[in-house]
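The values are calculated or read from the model by the stated rules, or taken from the named source; none is laboratory data. Computed from a prediction, not measured in an experiment: that's the story for all the values here. FYI the Cβ positions are ideal-geometry reconstructions off the backbone, even for glycines, and counts take in every protein chain you see. To get the accessible areas, we keep the full protein, side chains included, count just its heavy atoms, and leave off ligands, DNA and RNA. Shrake-Rupley method; radii C 1.70, N 1.55, O 1.52, S 1.80 Å.
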Amino acid sequence: MAKRDYYEVLGVDKTASEDEIKKAYRKIAIKYHPDRNPGNKEAEDKFKEAAEAYDVLHDPQKRQQYDQFGFNGPAGAGGFGGFGGAGMNMDDIFSMFGDIFGGRAGFGGFGGSGQRRPQQHRGSDLRLKVRLSLNEIANGVSKKFKVRKDITCSHCHGSGAEAGSGKETCPTCRGAGVITHTTQSIFGMMQTQCICPTCGGEGTVIKNKCHECGGTGIQKGEEVVEIRIPAGVAEGMVVNVPGKGNAGQRNGINGDIQVFISEEDNDTFVRDGNDLIYNLLLDFPTAAIGGDVEIPTIEGTKLKVKIESGTQPGKTLRLRGKGLPAVQGYGHGKGDLVVNISVYVPKTLSREEKEAIMKFKNSDNFKGDSSTKKSIFDKFKNYFS
C-alpha cells in the first residue's frame, strides 16, 4: 500500500505552523490511541502513521528534506525514505511523543484503561560534516569517525544504580509517572497532568545511585563510528544514521548521527546534477581534419572518441551513462558525461608556420559561412538569456 503524504495524514496545509502540526497530531493520536481502541489493528496503524508524520513534520530539518525529496532521499546506514518513523514501535512513540498528551502515555481521564507505559529517555542527536571527493561520490564510501559523546556507563551498565541496588516506586507519583491536578472551572471539574518532577516520568526512583554516573546511566566517552555514504550524494544532503548518537539515560533510546555532505572541487570535471562536464581542448589540425581523441571518465578509464572534420568550438558531445549515479531512493540510472569542445589557437608561430598559414588566408574554406556565424552567434546569445 502506497504511503500517504504526511501533510494529508495530519490534515494540515504545507504552510502549517509547528503549533498547528502539534495540535493536529494530538487530535488524531487521541482518536486512535490504543487505550481507546483495544485490539483494533486499523486504529493502531493510523496511530503509528500519525506518529511517523509528526516525527518528520515537527522537526524543521526533517521537514525541509521531506518537502524537497518527498519519501526519497539519501539513504544512509538506516535509510532516508522513512525518516525513522516506519521503524517505530509503540514504545518508541510513547517515549518520544508522550509529552503531547500532557505527560501521560495512557488516557485514563478519557475513558481508556489509563495503563501507564514506562517513560524512556532519548539521547540527543549528533551532527557531523564530511567533505567528499568526486570519486567518492561516484562510488560511495565508508568513513570512520572518532566521536566524543554520551555512552552507556561502564560501571552500572546503564541502569544508573549501584550493584545490588534496585529501583523503588516513586513516592511522589506512586508509580504513575505523572501528577494529576484537579481544579474547579466554569465548565466543571478539570484535570491536568504533568510529568512527575521526582522520577521524570519513569514511575520509579533509584535507591542507591551509581557513583560513576550519578544515576544517569551515561558518561562521556569516545566511540569509533563507521558510516556508509551512498553513491550519488550532493552538496547539502544529510545522511541519517539511526542509533549512533548520544546514549539515552538509564538504558533509554540512543539518538542519531546526522552527516552533512559537502563536495571538494575537481580538477578534471565540473558537476551539473548527475551530469559531469569535461572541457576538451582540441588542436587546430584535429578540429579541421578530424581524428581520434581520448576522454577521461570518473571511473579512471579513458574512452576513445572520434572527432569529425570541421568541428567548431563550443560543440558538445554527450556520452550517455558516464556521469554520476542517482542517489539511492531518488531517481535512477546514471547521468551523462558532457564533453565541451574548445579549439586551441597558438599564441606564437615560427616564420615557417606563419608562411604555411598565410597560404590559406584567402581560401574560401578558411572563411566562416553564414550558417556557422549564425550558430556561434546563437550560442553567444544563450550566455545572456
Review point. Got a sec? Which strands (runs of 3 or more DSSP E) wholly within the stretch 226-282 have at least 3 residues that are under 30 Å from Lys304 (Cβ atoms)?
Key: 270-272
**Study point:** Some residue of the stretch 98-119 being at pLDDT 55 or above and either touching a strand residue (DSSP E or B) at 6+ places or on another chain (Cβ under 6 Å) or part of a strand (DSSP E or B) (or both)
**Key:** no
**Study point:** Condition check for Glu352: acidic (Asp, Glu) and either over 30 Å from Gly70 (Cα atoms) or more than 29 Å from the chain's Cα centre (by Cα) (or both)
**Key:** yes
Check your understanding: Within the stretch 343-385, restricting attention to residues that are assigned to a helix (DSSP H, G or I) and of a type in the set (A, V, I, L, M, F, W, C), which residue is modelled with the lowest pLDDT?
Key -> Phe380
Exercise for review: Assess whether Lys315 counts as being in contact with a strand residue (DSSP E or B) (Cβ under 9 Å, 6 or more places away or on another chain) and farther than 30 Å from Pro230 by Cα.
Suggested key: yes
Point to revise | Among the residues listed as Gly200, Gly164, the single one being at pLDDT below 85 and either open to solvent by less than 30 Å² (accessible area, probe 1.4 Å) or touching a Cys at 6+ places or on another chain (Cβ under 7 Å) (or both) | key: Gly200
Practice item. Output yes when any residue across the stretch 183-193 is at pLDDT 85 or above and of a type in the set (Ser, Thr, Tyr), and no when none is. Key: no
Study note, to complete from the structure: Over the stretch 213-226, the set of residues surrounded by 15 or more Cβ atoms within 10 Å (Cβ to Cβ) and either among the charged types (D, E, K, R) or in contact with a Cys (Cβ under 9 Å, 6 or more places away or on another chain) (or both) is Cys213, Gly215, Thr216, Gly217, Ile218, Gln219
Exercise for review: Keeping to the stretch 317-341, report how many residues are under 18 Å from Asn139 (Cβ atoms), outside any strand (DSSP E or B) and either open to solvent by 40 Å² or more (accessible area, probe 1.4 Å) or out of contact with any Asp or Glu (no Cβ under 8 Å at 6 or more places or on another chain) (or both).
Suggested key: 9
Point to revise | Elements of type strands (runs of 3 or more DSSP E) contained in the stretch 129-216, each with 3 or more residues being of a type in the set (Val, Ile, Thr) | key: 141-152, 178-185, 204-206
Exercise for review: Could you tell me whether Leu281 is buried (at least 22 other Cβ atoms within 10 Å of the Cβ) and touching a Phe, Trp or Tyr at 6+ places or on another chain (Cβ under 6 Å)?
Suggested key: no
**Study point:** Members of the stretch 286-316 found to be within 23 Å of Lys334 (Cα to Cα) and open to solvent by less than 40 Å² (accessible area, probe 1.4 Å), listed by number
**Key:** Ile295, Pro296, Thr297, Ile298, Val305
**Study point:** For Val338: the one exception among (1) more than 30 Å from Gly123 (Cα to Cα); (2) under 28 Å from the mean Cα position of the chain (by Cα); (3) of a type in the set (A, V, I, L, M, F, W, C)
**Key:** (2)
Practice item. Filter the stretch 3-32 for residues that are open to solvent by less than 70 Å² (accessible area, probe 1.4 Å) and either acidic (Asp, Glu) or within 14 Å of Val56 (Cα to Cα) (or both) and give the result. Key: Asp5, Tyr6, Tyr7, Val9, Leu10, Val12, Ala16, Ser17, Ile21, Ala24, Tyr25
